[in-house]
There are 2 protein chains.
Amino acid sequence: MNAPLSSSQLLPALALRDVPPAMLDALSARFGARCSFAAAVREQHGRDESSFIAPPPAAVVFAGSTQDVADAVRIADAHAVPVIAFGSGSSLEGHLLAVQGGIRVDVSRMNRVLRLDSEDLTVTVQPGISRKQLNEQIKDTGLFFPVDPGADASIGGMAATRASGTNAVRYGTMRENVLALEVVTAQGEAIRTGTRARKSAAGYDLTRLFVGSEGTLGVITEVTLRLYPLPEAVSAAVCSFPSIEAAVRTTIQTIQMGVPIARVELIDANTVRMVNAHSRTTLREEPMLLMEFHGSPASVKEQAETVQDIAAEFSGNAFEWASTPEERTRLWTARHNAYFAAIQSRPGCRAISTDTCVPISRLADCLLDSVTEADASGIPYFLVGHVGDGNFHFGYLIDPDSVEERSTAERLNHTLVERALRLEGTCTGEHGIGLHKMGFLVDEAGAGAVDMMRTLKRALDPKNIMNPGKIFAM
Amino acid sequence: MNAPLSSSQLLPALALRDVPPAMLDALSARFGARCSFAAAVREQHGRDESSFIAPPPAAVVFAGSTQDVADAVRIADAHAVPVIAFGSGSSLEGHLLAVQGGIRVDVSRMNRVLRLDSEDLTVTVQPGISRKQLNEQIKDTGLFFPVDPGADASIGGMAATRASGTNAVRYGTMRENVLALEVVTAQGEAIRTGTRARKSAAGYDLTRLFVGSEGTLGVITEVTLRLYPLPEAVSAAVCSFPSIEAAVRTTIQTIQMGVPIARVELIDANTVRMVNAHSRTTLREEPMLLMEFHGSPASVKEQAETVQDIAAEFSGNAFEWASTPEERTRLWTARHNAYFAAIQSRPGCRAISTDTCVPISRLADCLLDSVTEADASGIPYFLVGHVGDGNFHFGYLIDPDSVEERSTAERLNHTLVERALRLEGTCTGEHGIGLHKMGFLVDEAGAGAVDMMRTLKRALDPKNIMNPGKIFAM
């Protein structure tokens with residue numbers, strides 16, 4: 001197994017390319033005040049939510065249209081300078097860092113709903129719109145978009161990293177929910193990758209080639225998404241268990257019985273404690289499943305009863321119900337804020353997040369040994385999981401100034417990934433490879449598959465200008 | 001709009017490449033009796049279910065393992081000779097024809113279930129197993145694989161054409177249900193494209209690049225699939241309508257209300273007549289929806305009642321129920337045999353099948369004008385549709401010796417595809433591009449997207465040996 005990159009290894013790996021003055025002039029001429037060279041703007045665009053540090057981009061273009069993106073890419077192409085698209089900056093894996101220099105194309109102002117076809121359950125949006133903005137704008141239609149990573153990420157960024165979240169067990173990830181894209185290629189041409197038809201067998205699946213390509217093949221400028229009818233009834237329930245294993249076994253049996261559960265999230269006792277402190281909830285401080293059921297009133301009741309029976313077999317404590325929208329929102333906000341609750345539990349800390357995903361039958365094996373190791377390390381951590389999908393996150397809460405803690409966290413992650421791969425899983429369920437997991441990708445996919453990815457990259461981006469230095473080394 | 005290829009145009013487009021004697025010797029040396037040069041074997045492997053005719057391949061290798069496939073491809077690569085994989089031969093679009101000569105690698109003997117992980121709802125199979133064989137072999141586990149194209153196709157072929165069928169409205173297509181592949185590349189290397197994890201954000205989605213690539217990028221040698229719990233209860237119902245439009249409106253409203261209907265198939269009056277004659281059913285000879293509901297007994301009952309109410313609004317006649325497995329099987333067998341029923345209705349005919357798929361709100365518009373045109377043409381036809389997905393098939397039943405009928409059928413298809421594209425749909429929902437729709441692909445995807453497909457092909461298969469001459473011209 002290759003050693004993962006750590007931030008201390010990152011700086012020597014930097015290979016900044018020149019951004020010639022002629023290119024900066026061309027950007028200014030084309031974009032005027034919408035191209036910024038100000039240090040503060042560049043610094044702000046030089047970071048993401050990862051723990052890596054890299055120099056800021058040479059310029060930030062605030063794009064307002066596909067044409068803007070295409071023109072910025074064409075100028076960069078003419079000078080063989082890197083281009084990194086920026087939506088909301090919520091990447092956890094260093095996707096947004098300009099490790100080879102270059103410019104940033106900020107698409108956050110491209111945040112409109114371009115068309116809503118509620119009869120077809122589709123919507124086409126610009127990439128800068130966030131998932132919450134989207135749901136707010138369509139709420140009167142009786143439809144919703146279910147994919148919900150922890151952050152209020154941009155839809156373009158979510159497509160680029162193949163994001164998912166708590167609803168994926170029922171509704172799928174960005175892989176299943178992006179119908180079509182418009183992308184600007186490395187040559188600055190806009191192409192469409194599909195139609196609004198729900199399915200198609202027309203040629204190579206360019207949509208899914210770009211979904212998860214982390215900005216390395218082109219810039220996403222429009223996204224057509226599948227929407228879903230808001231369920232007639234929703235109920236949420238919390239159930240505590242004597243052990244993580246009991247919670248996991250309950251989840252496995254629920255999935256195997258075909259209960260169409262909409263969400264099933266694991267939170268360990270320790271993290272429940274952090275959440276209670278942060279969100280002023282009074283959740284029982286034991287391993288917990290937080291569940292949600294969608295459907296007709298009768299179906300929701302039946303699903304919940306089935307899961308309640310399963311939980312009882314594994315000594316789950318009495319379900320607590322949250323039936324009103326307010327209670328549900330409070331519960332899920334608490335879950336979504338687990339990350340921030342954990343960060344606040346150790347002032348000044350940074351979280352090193354893991355993202356392994358394994359076949360569900362392997363989940364208990366993968367989790368339990370990793371918990372033992374994390375406990376033994378002495379580093380505080382949180383543990384949450386989209387357990388219906390076999391995906392979970394440890395967040396090791398390290399002192400960013402402690403080389404020792406960082407190295408311990410990296411070692412824990414390393415051991416966890418090794419275990420997940422041995423159990424036929426993946427090093428990343430939803431965060432992407434970015435900078436942090438490039439070594440792990442080779443271990444997971446094998447040299448031949450990574451070589452194929454490189455071949456594809458070289459074919460579509462021969463000058464290696466689209467977010468270079470991510471996913472794999474060229 | 002480009003003119004579609006017709007079989008009369010096909011022969012001049014043939015560009016047969018030499019298969020040097022040294023290569024045939026190498027195949028014989030490696031495969032012995034498992035490489036056949038016999039005319040009868042080659043002829044049998046030189047056809048598919050399309051109406052095209054091409055010369056047979058120079059040799060047929062009967063592969064028994066991934067290593068066999070890899071060695072055959074390596075030998076072909078050394079001589080720059082085309083390789084076409086063959087599963088069950090059920091392609092409707094000329095995918096399997098050796099239009100540039102070369103050899104066939106028959107994987108039909110690679111038909112084993114390699115491993116079944118019922119706890120994880122996954123199975124890994126060799127590519128030659130058929131969908132019915134697979135379901136037969138796993139039936140004791142309480143699980144099933146839902147994707148069901150009309151033919152009893154091979155799983156490898158279904159992955160290669162991104163197939164779907166009647167269950168896609170609920171369970172998705174091969175796009176959603178292939179978790180991972182093993183493929184032999186154009187250089188004869190075996191790579192894996194994913195793990196058994198339900199989701200992953202690890203690098204480019206090679207799995208979905210190969211799903212739907214129609215054998216043009218490599219040969220699929222293993223397929224890991226998602227399985228589903230057999231529903232606790234199933235009920236099927238038939239409902240007749242005064243018009244196609246009423247049936248379509250019923251479907252649209254069902255989908256929009258979020259009813260998790262498992263199957264909803266449209267059959268027009270004319271086709272019901274053919275089915276009755278062929279399958280000895282007594283279905284009412286009016287436009288008909290054939291539906292199936294999966295879930296718990298209570299949920300199935302509730303779904304069916306909801307749809308019954310919707311159908312009543314659109315003057316649907318009384319539902320007829322098929323609750324016993326025998327009745328259901330008879331009904332669905334009748335549906336699956338619609339193609340053969342139609343063929344038998346005009347002895348000696350061949351069917352030219354269409355495969356457009358449009359956003360569901362456009363379905364009535366797309367269908368009704370096309371029915372009028374088909375009626376006016378005087379050519380007999382059948383019409384069936386996976387209407388929950390917006391996908392439907394006309395089959396024009398032509399006299400294969402009549403140039404005029406063939407040209408009329410092609411004209412009808414041409415007009416239908418133009419209409420579907422105008423309505424934001426696709427020329428192929430599930431059959432693939434093959435030879436027949438290469439012109440349409442350019443109209444649908446645009447020159448830029450097709451150029452990108454070509455670039456990908458050139459990068460992965462620089463000698464253009466993997467099923468050349470399909471999807472797009474190089």
Counted charge near residue B:275, where neighbours are those whose Cβ lies closer than 14 Å (Asp, Glu -1; Lys, Arg +1): +1
At least 24 Å along the helix axis (C-alpha) and Kyte average at least -0.5, DSSP helices within chain A: A:297-313
Farthest toward positive dipole pole in the range B:233-423 [+1 Lys/Arg, -1 Asp/Glu at C-beta], among B:240, B:250, B:281: B:281
20 °C / 1.002 mPa s Stokes-Einstein diffusion coefficient of the protein assembly as shown, Kirkwood radius on C-alpha pairs, µm²/s: 75 µm²/s
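So if we plug the beta-carbon distance of residue B:74 and residue A:333 into 1/(1 + (r/R0)^6) with R0 = 41 Å, what FRET efficiency do we get, rounded to 0.05?
Working: r = 57 Å, r/R0 = 1.39.
The pair residue B:74/residue A:333 has a calculated efficiency of 0.10.
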Cα centroid separation, the range A:97-134 to the range A:172-196 (Å): 12 Å
Around residue B:346: net Lys/Arg minus Asp/Glu count, Cβ-Cβ under 12 Å: -1
Shielding by partners - mean other protein chain Cβ count within 10 Å, residues of A:228-241: 1
Residue-averaged beta-carbon neighbours from other chains (10 angstrom radius) around A:452-458: 5
Exposure proxy order (Cβ contacts within 10 Å, fewest to most) of A:294, B:79: B:79, A:294
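Greater than 31 Å separation of Cα atoms is the criterion. Which listed pairs, A:132/B:139; B:437/B:463; A:301/B:199; B:132/B:470; A:470/B:463, meet it?
Working: A:132/B:139 43 Å; B:437/B:463 23 Å; A:301/B:199 28 Å; B:132/B:470 27 Å; A:470/B:463 29 Å.
Checking Cα-Cα distances, A:132/B:139 exceed 31 Å.
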Cα-centred dipole magnitude for chain A, charges only on beta-carbon of K, R (+1) and D, E (-1), debye, nearest 20: 1140 debye
Burial ordering of B:399, A:48, fewest other beta-carbon atoms within 10 Å first: B:399, A:48
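What's the FRET efficiency of residue B:372 with residue B:280 using the Cβ-Cβ distance as r and R₀ = 25 Å, to the nearest 0.05? Don't skip to the end; give the middle numbers.
On the way: r = 31 Å, r/R0 = 1.24.
Working from the Cβ atoms, E equals 0.20.
Please compute the net charge surrounding residue A:191, taking Lys and Arg as +1 and Asp and Glu as -1 over other residues with Cβ under 12 Å from its Cβ.
Working: positive: A:192; negative: A:182, A:189, A:222, B:451.
In short, -3.
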Listed residues A:356, B:69, A:75: farthest to the positive end of the dipole of the protein assembly as shown (Cβ charges): A:75
Using θ = phi - 60° and Karplus 6.51 cos²θ - 1.76 cosθ + 1.60, couplings along the range A:186-198 (whole Hz; Gly, Pro as x): 5, 9, x, 9, 8, 10, 9, 10, x, 10, 8, 5, 5
Cβ-vector label at 7 Å, residue B:135, separations to other copies in nm: 3.6
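How big is Rg to Rh over the range B:113-229, alpha-carbon atoms, Rh as the Kirkwood inverse-mean-distance radius?
Working: Rg = 13.1 Å, Rh = 14.0 Å.
Rg/Rh for the range B:113-229 comes to 0.94.
What is the order of B:120, A:71, fewest Cβ neighbours within 10 Å to most? Write down the numbers at each step before the final one.
Details: B:120 24, A:71 20.
Placing the least packed residue first, the sequence is A:71, B:120.
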Cβ-placed point charges (K, R +1; D, E -1), dipole of the protein assembly as shown about Cα centre in debye, nearest 20: 1440 debye
Cα centroid of the range A:262-306 to Cα centroid of the range B:245-300, whole Å: 39 Å
Teacher prompt: residue A:415 distances to equivalent labels in other copies, 7 Å Cα→Cβ, nm: 7.2
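For chain B, what's the relative contact order in percent, using C-alpha pairs closer than 8 Å and at least 6 residues apart? If you can, show how the numbers build up before the last one.
Details: 1021 pairs, mean separation 79.1, N = 474.
That works out to 17 percent.
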Label distances, nm, residue B:189 versus same residue in remaining copies, Cβ-directed 7 Å point: 2.8
DSSP beta bridge pairing in the range B:73-190, given as percent antiparallel to the nearest 5: 60 percent
Extreme residue, positive dipole direction of the range B:113-229, given options B:168, B:209, B:150 (C-beta unit charges): B:168
Relative packing of peptides A:187-197, A:226-236, B:15-25 - highest average C-beta neighbours within 10 Å first: A:187-197, A:226-236, B:15-25
Simple label model, 7 Å out from Cα along Cβ direction - residue B:67 to residue B:109, nm: 1.5 nm
Only Lys, Arg (+1) and Asp, Glu (-1) charged, at Cβ; the range A:233-423 dipole about Cα centre in debye: 320 debye
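Using a 10 Å cut-off around each Cβ of peptide B:267-275, what is the average number of partner chain Cβ atoms that fall inside? It would help to have the intermediate numbers written out before the result.
On the way: counts 0, 0, 0, 0, 0, 0, 0, 0, 0.
Per-residue shielding by partner chains comes out at 0.
Laboratory data are not the source of any read-out in this text; all were calculated from the coordinates shown. Just so it is clear, the model here is predicted, and its values are computed rather than measured. We place every Cβ from the backbone using ideal geometry, glycine too, and count neighbours over all the protein chains shown.
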